[in-house]
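The values are calculated or read from the model by the stated rules, or taken from the named source; none is laboratory data. All values reported here derive from a predicted model rather than from experimental measurement. Positions of Cβ are backbone-derived with ideal geometry, glycine not excepted, and every protein chain shown enters the neighbour counts. These area figures cover heavy atoms from the full protein model, side chains too; ligands, DNA and RNA do not enter into them. Shrake-Rupley method; radii C 1.70, N 1.55, O 1.52, S 1.80 Å.
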2 protein chains.
Amino acid sequence: MYDVLNVREDFPVLKNVIYLDNAATTQTPVQAVSAMLDYFYKYAANHGRGAHRLARETTNHFEDAREIVAAFLNMDVAKTIFTKNATESINTVSRGFPWKKGDHVIVTLVEHHSNLLPWMRLKEMGVELSVVKPDICGVVNPEDIRSSIKDTTRLIAVNHVSNVFGSIQDIGKIVGIARQNGVKVLVDGSQSAGNMALDIKSIDPDFFVCPGHKGLLGPQGTGLLYIKEPDIIEPVFLGGGMVSAVTTDSFKMEPSPAKFEAGTPNIPGVIGLGRAVEYVADIGVKSIEKHERSLAKDTARRLGELDGVEVYGPKDRAGVVSFNVTGMNAHDVAMILDQTRKICVRSGYHCAMPGIDHLGVKGTVRASFALYNTEEEVDTLIRTVSDITSLVS
Amino acid sequence: MYDVLNVREDFPVLKNVIYLDNAATTQTPVQAVSAMLDYFYKYAANHGRGAHRLARETTNHFEDAREIVAAFLNMDVAKTIFTKNATESINTVSRGFPWKKGDHVIVTLVEHHSNLLPWMRLKEMGVELSVVKPDICGVVNPEDIRSSIKDTTRLIAVNHVSNVFGSIQDIGKIVGIARQNGVKVLVDGSQSAGNMALDIKSIDPDFFVCPGHKGLLGPQGTGLLYIKEPDIIEPVFLGGGMVSAVTTDSFKMEPSPAKFEAGTPNIPGVIGLGRAVEYVADIGVKSIEKHERSLAKDTARRLGELDGVEVYGPKDRAGVVSFNVTGMNAHDVAMILDQTRKICVRSGYHCAMPGIDHLGVKGTVRASFALYNTEEEVDTLIRTVSDITSLVS
């Protein structure tokens, strides 16, 4: 195992607060921020568009980042596409897939809005949507997905880990079911990439998406899209850097990944992301997973032991714990945690309203963990929530 | 006027090279990079999604940046949308506009690919495209646009300044012609925002786009989109942060700008952009324009006096000078400038193949200027190009 106190030195903001909002965004280590500084102060230029020394150095660093990220998740470099966020990644698939009227898509009720709305919008094109219900802990039964498949089903879109429940879906089984039925599958790894050991070639989804700024510890403004067969997806954006020939009548697109990266990319962000992923790899994602899940398990257990606290999600969970204090609004609980102990948690619908509705509540308080959180922070959280319960008991 | 040597202190990379590739991207001042550092080290969190202190501080800084940028260009804050680049901005309009089969769009032959390909793709939907030719200096005659307007014309998309020629289009007149004919107009300000004094409310286009990383001096990964009537444009991306209510059957979108900013935005980038725009405003965009255009004018004149050098573009130009050395490939000229004097210029088609074809050449060498370039750098460029001409004479 790694030394958590050592790791915390790399995240200056942790000196000021107890940061338990990692499912929304993690902090970025100084090593990654320094890599961005180097870019700005030593060699900043545009990517892939010039013969001069700065443009070459920028392009080299940018493409090095692509190789680092691709190697970390075991994806082909040519199929590793940089986007601005996971939302762009999912919408690229939903808008670029060759839909026909009458096609059918399956999602689940515990998706983030970004993995629900893009599929709902396809109704305008005559694409039908089925929404599979998870159990009350947010776990989807793969057999329920299997039984939803029809002759017209083209794609299953499913989260790997729920950002509300911390539930872990059986992605291996779901991808297997998709394969058996000739259906494509998109895995939303927003809460798993960098938090759990992932081998994309082994999981073998058709599409994999994640942000750069959560488990991968990169800066906001970065996202990833893996497309197994890039030729079947039309790019959403057209512009510079993704065409090899243009007349006013026609144009010829570059192959992936350039095809999907029109315009000037977030060069500092991608370079920072590459360095952040190196940092995660150096620490070891398996150790990180163990640490985060251990903190979450303890938190869920100890919160569950408090009178007047309801905890959601399964026993076997990733680093996310949703809960409520009976008789109190989730936002009020979050506000008190912040005001009294500088504990930063999220509250509300977590961009997943149907999943929260499924719980029959008006929102939850959510504590979510990263590699740098400590047992002492959990102690403070539990103690403060306990104090809050006494306010309403 | 401002002190150029003082300004140069804010751009460390300028100590190492003669950077004349500002039409591709400018350098970012230390003040803006420091603002990004403050974000990462003091208050990083996700935007608009949490009640805790870091989320609130992040949201405040992010929205402050929106106000700064909106004030600088004189745009309504609610109509000022952050994108990842100008390419996303243009594609958002081309994909979100309520097209009908038979509609007609007018562009010019001196557009960057990002302001040409998105309109060309509309042919798939039965939208017709007319391409107006500029003169040999890259200047579009507004009357040629007027005479291309038909009953079915819905939109004119035109650059403000050509990234190849440095020519300045008569945007005021073109917008006026559009208004008279009930046609909407998109102005691509990629080469003018931050380089020339712009008052969007006074110009009054329907759409205005620009990157954050050129004249505005912000980091790469930032762009702007102004939409006069945000309600008529459907967002390209759906996801978190842009909806107020979601069931599995329907959803309700937030108003602009949130509607167009699904998912986690480039928070550090936008904060850096806000600070960069403050920097530009402090120096004064009129002084910057005067400086850049003076350098470009001198460069064009002096290059034109060299035997064996052909200079393109009009006499009255923005800070962009395209040229060729007779008998030499543009890339070779750029390579020699870099290798011998560390002069960073662009060469080739500049993501504007039809415009370059219009010149009847296979590419150009392009020197483009920013507020921090000097007469001494121009001297070195001219001397080195002169030496290069002697290689082939």
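Peptides B:209-216, B:63-70, B:187-194 ranked from most to least packed give B:209-216, B:187-194, B:63-70, packing being the mean of other C-beta atoms within 10 angstrom over each peptide's residues. Evaluated with a Cβ-only charge set (Lys, Arg +1; Asp, Glu -1), chain B carries a dipole of roughly 560 debye about its Cα centre, given to the nearest 20. Taking the accessible area of the protein assembly as shown, probe 1.4 Å, and keeping the other protein chains in place, the carbon and sulfur fraction comes to 49%. Across the stretch A:106-117, rounded Karplus estimates of 3J(HN,Hα) from the backbone phi angles (6.51 cos²θ - 1.76 cosθ + 1.60, θ = phi - 60°) give 10, 10, 10, 7, 10, 8, 4, 3, 5, 10, 10, 4 Hz, Gly and Pro being marked x. With semi-axes defined as the square roots of five times the eigenvalues of the C-alpha gyration tensor, the equivalent ellipsoid of chain A measures 35, 28, 17 Å, largest first.
Between A:Ala78 and A:Glu305, the simple spin-label model (points 7 angstrom out along Cα→Cβ) gives 5.6 nm. Helices that extend 24 Å or more along their long axis by alpha-carbon positions and average at least -1.0 on the Kyte-Doolittle scale are, among the DSSP H runs of chain B, B:53-73, B:267-283, B:375-392.
Database remark: amide H of B:Ile106 closer than 5 angstrom to the amide H of B:Ser130, B:Leu155, B:Ile156, B:Ala157 (H placed geometrically; neighbours at sequence offset of 5 or more, or on other chains; Pro and chain starts carry no H). For the stretch B:96-190, a simple Cβ point-charge model (Lys and Arg +1, Asp and Glu -1, everything else neutral) yields a dipole of about 320 debye relative to the Cα centre.
How many angstrom separate the Cα center of the stretch A:127-160 from the Cα center of the stretch B:29-100? About 36 Å separates the Cα centre of the stretch A:127-160 from the one of the stretch B:29-100. Taking every C-alpha pair closer than 8 Å and separated by at least 6 residues, the mean separation divided by the residue count of the stretch A:284-392 gives a relative contact order of 31 percent. Max-minus-min Cα coordinates of the stretch A:57-136 on each principal axis give 47, 33, 19 Å, with the largest extent listed first. All other residues whose Cβ lies under 11 angstrom from that of A:Arg302 are scored, Lys and Arg at +1 and Asp and Glu at -1, for a net of -1.
The share of Cα pairs per 5 Å bin across the stretch A:284-392, counted from zero up to the longest distance, runs 2, 12, 24, 26, 20, 11, 4, 1, 0 percent. Between Rg and the Kirkwood Rh of the protein assembly as shown, both from Cα atoms, what is the Rg to Rh ratio? Over the Cα atoms of the protein assembly as shown, Rg/Rh equals 0.98.
If the chain linking B:Lys15 and B:Met125 were pulled fully straight, counting 0.36 nm for each residue of separation and taking away their Cα-Cα distance, it would gain 34.5 nm.
Placing dummy labels 7 Å off each Cα toward the beta-carbon, the span from B:Ile136 to B:Ser250 is 6.2 nm. Equivalent ellipsoid of the stretch A:31-186: semi-axes from √(5λ) of the C-alpha gyration tensor, largest first, are 37, 18, 14 Å. Set against the 2.2 N^0.38 Å expectation for a compact globular protein, the stretch B:294-333 has a Cα radius of gyration ratio of 1.13. Note on A:Lys315: lysines with a C-alpha under 21 Å away, same-chain residues under 8 apart excluded, are A:Lys133, A:Lys173, A:Lys286, A:Lys290, A:Lys297. Shown for B:Asp144: label points 7 Å from Cα along the beta-carbon vector, and their distances to the equivalent points in the other copies, 6.2 nm in ascending order. For the residues B:Val320, B:Val17, B:Val280, a GNM of chain B with alpha-carbon springs under 10 Å puts the largest fluctuation on B:Val17. Helical runs assigned H by DSSP (4 residues or longer) give chain B a calculated mean residue ellipticity at 222 nm of -11000 deg cm²/dmol, each run adding -39500 (n - 2.57) before division by the residue total.
Heavy-atom accessible area buried between chains B and A is around 7200 Å² (1.4 Å probe, both sides summed). Note that the stretch B:284-392 presents 39 Å² accessible area per residue, ligands and nucleic acids not counted, probe 1.4 Å.
Structural descriptor for chain B: relative contact order 22 percent, calculated from alpha carbon pairs under 8 angstrom and at least 6 residues apart.
Each Lys and Arg Cβ is given +1 and each Asp and Glu Cβ -1; about its Cα centre, the stretch A:172-252 then shows a dipole of about 240 debye. A simple count of charges around B:Met1, restricted to other residues whose Cβ falls under 11 Å of its Cβ and scoring Lys, Arg +1 and Asp, Glu -1, yields +1. Of the beta bridges in the protein assembly as shown, as assigned by DSSP with both residues counted there, near 55 percent are antiparallel.
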